[in-house]
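Derivation of every value follows stated rules applied to the coordinates shown; laboratory data play no part. Being a predicted model, the structure only gives us computed values, none of them experimental. Backbone-built Cβ (ideal geometry, glycine too); neighbour counts: all protein chains shown.
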Amino acid sequence: MSSSNVIDGKAFAAGLRGRVAEKVAELKSQKGVVPGLAVVLVGEDPASQVYVRNKAKQTLEAGMQSFEHKLPDTTTQDDLLALVAQLNADPQVHGILVQLPLPKQIDANAVIGSIEPAKDVDGFNVVNAGRLMTGAGKPMVPCTPLGCLLLLQDRLGKDLSGKRAVVVGRSNIVGKPMAQLLLGANATVTIAHSRTADLPGECRNADILIAAVGRPEMIKGDWVKPGATVIDVGINRIETPEGKTRLVGDVAYSEAAEVAGAITPVPGGVGPMTIAVLLANCVTSAYRAAGLDDPA
Ligand code: NDP
């Protein structure tokens, strides 16, 4: 497979962040409004700290305001709900992201459910999930699946009519909204999961194969239909024979790349899209709050 068949999510995400920065500047000059993203981190989880730092950095680089709230891991659910209520009411805040996972004394569903749907830039609130499913109202769409759709449509065009898509994974944050987005783009969609009878056989039917499983290199090259577009959402850290660690996806990349028409690498595929789409969602929220149409 030639390198032109590698889907460069890093470059695409950089382009998207550039367009976001332009829309931020336009909103500022038109309405005097600067989009603001509030990120709430509870506890000391090292991976979450890295994500939050990257989100804040890229928010500022796009010309937006970043509000960081770091709370101790002893924080009660009531305290967190009170902070979300304060952010819901703050006109400078257009997007609220509560970093998951939360400490065990806090019910994540209750917290996510308390975020004002218009400011729910992660799109995890049931109101936004319902809007995505029914087409009623304007949803905030979860960032990772929307990032996958943008990469796919850049390759295959906006209309996926006639394409068979298989999504492996049925989580609320990736698999289910991904399937919904593909359906919205007219693909014929199968959702596979741990109870699927013949997973390799299902995958071999896919013109579009989305892997969102969390199992290192589970999807083998001979599960991929020749010419298929493969989007690997998985991020797994594995130990190398030299005793170091490296990141791999859910797809056995080098085998699959021999067969696929196009494929995302890990790292450098879907990963960089997530924050870029988060910023785009926050800007969309700010445009809506200012009474403007969604930015193109
Ligand atoms: P979850 O653990 O919530 O869901 C995993 C899904 O995979 C489940 O639906 C599960 O099925 C299915 N699954 C597990 N094992 C198998 C198997 N052997 N065969 C078939 N299906 C299986 O994970 P997430 O959706 O949150 O994340 C998936 C991956 O994507 C992870 O590697 C995660 O790190 C990565 N990720 C990457 C992001 C990014 O920014 N690039 C953002 C979010 C996630 P069942 O429901 O039956 O248990």
*Where does helix 175-184 land angle-wise versus the long Cα axis of the chain, in degrees 0 to 90, nearest 10?*
80 degrees
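What does the charge add up to near Ala38, with Lys and Arg as +1, Asp and Glu as -1, over the other residues with Cβ less than 11 Å from its Cβ? Walk me through the numbers before you get to the answer.
Numbers: positive: Lys55, Lys119; negative: Glu68, Asp90.
The answer is 0.
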_At 0.36 nm per residue, and after removing the present C-alpha to C-alpha distance, how many nm does the segment from Leu183 to Ala136 gain when stretched out fully?_
15.4 nm
*Based on the inverse mean of 1/r over its pairs of different Cα atoms, what is the Kirkwood hydrodynamic radius of region 143-272, in Å?*
14.4 Å
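How much net charge surrounds Ser4 when only the other residues with a Cβ under 14 Å from the Cβ of Ser4 are counted, with Lys and Arg +1 and Asp and Glu -1? Don't skip to the end; give the middle numbers.
Values: positive: Arg155; negative: Asp8, Asp154.
Charge balance near Ser4 sits at -1.
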*By per-residue mean of other Cβ atoms within 10 Å, what is the highest-first order of 233-242, 128-137, 28-37?*
28-37, 128-137, 233-242
*Between the DSSP loop rule and a limit of at most 11 other Cβ atoms within 10 Å, which GluC sites (Glu not before Pro) in region 29-122 are left?*
Glu44
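Could you work out the Rg to Rh ratio of region 231-296, with Rh taken as the Kirkwood radius (inverse of the mean 1/r over all Cα pairs)?
On the way: Rg = 17.6 Å, Rh = 14.4 Å.
Expressed as Rg/Rh, it is 1.22.
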*asked:* For Val189, what residues show an amide H to amide H distance below 5 Å, using hydrogens built from the backbone and excluding near sequence neighbours?
replied: Ala165
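Which order do the peptides 141-149, 116-124, 222-230 come out in when sorted by mean C-beta neighbours inside 10 angstrom, highest first?
Values: 141-149: 26.4, 116-124: 23.1, 222-230: 20.0.
Highest-to-lowest ranking by the protection proxy: 141-149, 116-124, 222-230.
To check you understand DSSP bridge types, tell me what percent of the beta bridges within the chain (both residues inside) are antiparallel, rounded to 5. Can you show the working numbers first?
On the way: 4 of 32 bridges.
Close to 10 percent.
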*Compute the distribution of all C-alpha to C-alpha distances in the chain, in bins of 10 Å from 0, and list the percent of pairs in each, rounded to whole numbers.*
6, 27, 34, 24, 8, 1
*Scan around Phe67 for amide H atoms under 5 Å from its own, H built in the peptide plane at 1.01 Å from N, and keep only partners 5 or more places away or cross-chain.*
Leu37, Ala38, Val39
*asked:* Counting C-alpha atoms alone, how compact is region 34-117: give Rg to one decimal and Dmax as a whole number, in angstrom.
replied: 12.3, 36
_Selection of trypsin sites (Lys or Arg not before Pro), region 186-228, meeting DSSP coil and at most 16 other Cβ within 10 Å_ = Arg195, Lys220
*asked:* Just to be sure I understand the model, the point goes 7 Å from the Cα along the line to the Cβ. What's the resulting Ala290 to Lys104 distance in nm?
replied: 4.6 nm
*Go ahead and estimate [θ] at 222 nm for the chain from helices alone: -39,500 (n - 2.57) per DSSP H run with n ≥ 4, summed, over the residue count, rounded to 500.*
-13000 deg cm²/dmol
